[in-house]
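See below for the structure under consideration.
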């Protein structure tokens, strides 16, 4: 079989340290590399930051021929190749950004055996001339990155990925490798079928990202709230996901006016501007990118310290993928989601615009799962992992709001009876439903036009809820929705009704226990402790090393993380190496980087320690 090769374990571990600077593999990497070297088809699901790329890059170094990597984003190929070149690995890319002469020069280099890895976009595979060109090269294996894009059941289906399967006929004996960071059982099976993987070695890693902290806030969504949160993290870079192009533009503008370096990213910008904005973010020229879901796939920027969802994501799978862009270096990072029930109504309207009932059913199921996650009082990590079929058995994950700051359970029977009764009496007296805001106005004895117009001041429940605040009633209503006592009809102006379970609770005066209301403001809260800490380090040394890293990156015209990740810099600032031998012991420092940068980093450590 093409690509099959026996390589001694010592040779593999030596190459791992020499080129990548690692003394040991991460979970599943060694087994995957072994199957790739054995010439098998492989399906591998590893979490973002779990080291998927190493699983095909390392075998490419140890076997003759070319490993063709199919990657979805042209804009990232240069950075990926720059990172490999910086580590001393011969790699190149072919895409539409190159002139004809550059393409021919690189193909000539491939024919001469000058490169071990070739990155291409799936669109190029549609060109008959390119497939014919590939056939003249010594292709050892195909690695399909972001393989979930081939499945219509995935959250980011791309039709161009379907063309990949055409290569199987032309390259019948060449192994295919499929890599993804997120896929349900259905999507995994679809990937294997669509790529026609033959008796593949299946590797499914844990979906758990212990260095990420997950939070959901019911705080009113506003630029001011986001600005306060960002100002509490002045040194951190991150992504703010929004639901529309207009919101991306508006939010980026507001952040800039507040003195926070930010840029928008969405499909409404021309390709050149999108590329420039992404480049400035990746190269630490701006610290916040305000983006729609058009941004992020394959982003290699390892020092993303936060991901904020300013609007509700469409699915748990998409949310997991997007939050996974934080903390790829293994250093603690934060994920914040703004949520209120109005988000659900907005998505329901989008769902109704879908053409088929089947599409609407899938979208509605995804929205329901996302809503349950947002409302949940349980461990958010456990909820996320359960979605992907993985059990999390720890009682406290130490890395989500519900585990870090659990809200005590309180008896809300009396207040719940008032709210349920008010909903019922409004429906009976008027013959129609109203939104929860109006129900709360009735409970508070408010004097509004609607209350006078509909004579709701005459209801026995009018004014019986003055002992609680409006936010408190809103939080209780959310809990009753979550518990199934109240239903919200998103397709009819978010009107509420009491469910059969709610009516039974009213009749039987069933005890109703809810969680204490969540805080209504983050007040720019500082970063919470994470389940993973990388230990104390000298902050002054770290800042000096970060400045030096940026200086070297600018000299080489590459992103800063290509030089060293934040995790490596923190390790240097913790260990304070004084010699090349000590520096080489730092995980992530390989021989090529030691030779190129070692003296300058040792000098910076000596001067700032």
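The values are calculated or read from the model by the stated rules, or taken from the named source; none is laboratory data. All of these numbers come straight from a predicted model, not from anything done at the bench. Cβ coordinates were reconstructed from backbone atoms using ideal geometry, including for glycine residues, and neighbour counts include every protein chain displayed.
What's the total number of residues in segment 550-596 that are surrounded by fewer than 18 Cβ atoms within 10 Å (Cβ to Cβ) and either in contact with a strand residue (DSSP E or B) (Cβ under 6 Å, 6 or more places away or on another chain) or over 20 Å from residue 24 (Cβ atoms) (or both)?
Number of matching residues: 12.
Condition check: surrounded by 19 or more Cβ atoms within 10 Å (Cβ to Cβ), closer than 28 Å to residue 198 by Cβ and out of contact with any strand residue (DSSP E or B) (no Cβ under 7 Å at 6 or more places or on another chain). Does residue 21 satisfy that?
No.
Name the residue that is farthest from residue 344 (Cα to Cα), counting only residues in segment 469-515 that are modelled with pLDDT under 85 and assigned to a strand (DSSP E or B).
It comes out as 515.
Using the structure shown, decide if residue 547 is over 22 Å from residue 234 (Cβ atoms) and surrounded by fewer than 16 Cβ atoms within 10 Å (Cβ to Cβ).
The answer is no for residue 547.
So which of 87, 121 is assigned by TED's automatic domain parsing to the domain that holds residue 17 and either touching a strand residue (DSSP E or B) at 6+ places or on another chain (Cβ under 7 Å) or over 30 Å from residue 363 (Cα atoms) (or both)?
Only one candidate qualifies: 87.
Among the residues of segment 254-298, write down those that are at positive phi and in contact (Cβ under 8 Å) with a residue 60 or more places away in the chain.
284, 298
Given the conditions (1) modelled with pLDDT of 95 or more; (2) under 19 Å from the mean Cα position of the chain (by Cα); (3) exposed (fewer than 15 other Cβ atoms within 10 Å of the Cβ), and given that residue 267 satisfies all but one, which numbered condition is not satisfied?
(1)
Looking at segment 378-408, which of its residues are in contact with a strand residue (DSSP E or B) (Cβ under 7 Å, 6 or more places away or on another chain) and surrounded by fewer than 17 Cβ atoms within 10 Å (Cβ to Cβ)?
Scanning segment 378-408 gives a single hit, 407.
Please find, within segment 93-109, the residue that is surrounded by the fewest Cβ atoms within 10 Å (Cβ to Cβ) out of those that are without any contact (Cβ under 8 Å) to a residue 12 or more places away in the chain and under 34 Å from the mean Cα position of the chain (by Cα).
99
State yes or no: is residue 350 out of contact with any helix residue (DSSP H, G or I) (no Cβ under 7 Å at 6 or more places or on another chain), closer than 30 Å to residue 482 by Cβ and assigned to a strand (DSSP E or B)?
Here the answer is no, as residue 350 does not meet what is asked.
Could you check segment 236-262 and list, in sequence order, the residues that are surrounded by fewer than 17 Cβ atoms within 10 Å (Cβ to Cβ) and touching a helix residue (DSSP H, G or I) at 6+ places or on another chain (Cβ under 6 Å)?
258
Of the numbered conditions (1) at negative phi; (2) in the same structural domain as residue 377 (by TED's automatic domain parsing), residue 398 fails exactly one; give the number of that condition.
Residue 398 satisfies every listed condition except (1).
Quick one: is residue 392 in contact (Cβ under 8 Å) with a residue 60 or more places away in the chain, over 28 Å from residue 500 (Cα atoms) and touching a helix residue (DSSP H, G or I) at 6+ places or on another chain (Cβ under 7 Å)?
On the way: in contact (Cβ under 8 Å) with a residue 60 or more places away in the chain: yes; over 28 Å from residue 500 (Cα atoms): yes; touching a helix residue (DSSP H, G or I) at 6+ places or on another chain (Cβ under 7 Å): yes.
For residue 392, the condition - in contact (Cβ under 8 Å) with a residue 60 or more places away in the chain, over 28 Å from residue 500 (Cα atoms) and touching a helix residue (DSSP H, G or I) at 6+ places or on another chain (Cβ under 7 Å) - is met.
Residue 507 - would you say it is more than 24 Å from residue 217 (Cβ to Cβ), in contact with a helix residue (DSSP H, G or I) (Cβ under 7 Å, 6 or more places away or on another chain) and free of Cβ contacts under 8 Å to residues at least 12 places away in the same chain?
For residue 507, the condition - more than 24 Å from residue 217 (Cβ to Cβ), in contact with a helix residue (DSSP H, G or I) (Cβ under 7 Å, 6 or more places away or on another chain) and free of Cβ contacts under 8 Å to residues at least 12 places away in the same chain - is not met.
Restricting attention to segment 121-129, does a residue exist that is surrounded by 16 or more Cβ atoms within 10 Å (Cβ to Cβ), out of contact with any helix residue (DSSP H, G or I) (no Cβ under 6 Å at 6 or more places or on another chain) and closer than 25 Å to residue 173 by Cβ?
No.
Out of all the residues in segment 409-423, is one or more in a helix (DSSP H, G or I), in contact with a strand residue (DSSP E or B) (Cβ under 8 Å, 6 or more places away or on another chain), within 23 Å of residue 500 (Cβ to Cβ) and without any contact (Cβ under 8 Å) to a residue 60 or more places away in the chain?
No, because not a single residue in segment 409-423 is in a helix (DSSP H, G or I), in contact with a strand residue (DSSP E or B) (Cβ under 8 Å, 6 or more places away or on another chain), within 23 Å of residue 500 (Cβ to Cβ) and without any contact (Cβ under 8 Å) to a residue 60 or more places away in the chain.
Using the structure shown, decide if residue 143 is in contact with a helix residue (DSSP H, G or I) (Cβ under 6 Å, 6 or more places away or on another chain), closer than 23 Å to residue 390 by Cα and either part of a strand (DSSP E or B) or not assigned by TED's automatic domain parsing to the domain that holds residue 35 (or both).
Working: in contact with a helix residue (DSSP H, G or I) (Cβ under 6 Å, 6 or more places away or on another chain): yes; closer than 23 Å to residue 390 by Cα: no; either part of a strand (DSSP E or B) or not assigned by TED's automatic domain parsing to the domain that holds residue 35 (or both): yes.
No; evaluated as a whole, the condition is false for this residue.
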